[in-house]
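Structure first, commentary second.
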Amino acid sequence: MNKSPVTVKGYVAAVPQDERQARVAVVQDDVEYRVMPRGAGVDLADEVSVAVEVTGLVEEVDGVFYLTARGYKILEDDSWLEE
C-alpha cells in the first residue's frame, strides 16, 4: 500500500468511527479523506466544520482515502474555493 504526499483543502466533517478509528474527514471536491487519529490528525477532531489545509500522506484502501496528517492550518476565508 503506497502512501502519496498530498495537500487537501476542505472542511472538516464528523464521520462514523470506522475500523481504522477515523472520526473525522476532510472533504475536498466531493472526495472524503478520512483522517487517521495520530499526529496532527488528533487535533483535527476538534475542528469540525472548519475550513483547513492539511498536508500529509494519503493511501486508498478498498475505495476509501485515508489521510495521515503531518500538519494543518485553518483557512481564514473562502478564497481557496476559487482555485
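The values are calculated or read from the model by the stated rules, or taken from the named source; none is laboratory data. Because the structure is predicted, anything quoted here is derived from the model rather than measured. Reconstructed Cβ throughout: ideal geometry from the backbone, glycine too, with neighbour counts over all protein chains shown. Remember, those area values only see protein heavy atoms, side chains included, never the ligands or the DNA or RNA. Shrake-Rupley method; radii C 1.70, N 1.55, O 1.52, S 1.80 Å.
Only strands (runs of 3 or more DSSP E) wholly contained in the chain count here; list those with 3 or more residues that are of a type in the set (Asp, Glu). Walk me through how you get there before you give the answer.
On the way: elements: 4-14, 24-28, 31-35, 51-61, 64-74.
In the chain, the matching strands (runs of 3 or more DSSP E) lie at 51-61.
Among the numbered conditions (1) touching a residue at least 40 places away in the same chain (Cβ under 8 Å); (2) open to solvent by 40 Å² or more (accessible area, probe 1.4 Å), tell me where Gly56 comes up short.
(2)
For Val48, indicate whether it is farther than 11 Å from Tyr72 by Cβ and crowded, with 17+ Cβ neighbours inside 10 Å. Break it down stepwise before answering.
Details: farther than 11 Å from Tyr72 by Cβ: yes; crowded, with 17+ Cβ neighbours inside 10 Å: no.
No; evaluated as a whole, the condition is false for this residue.
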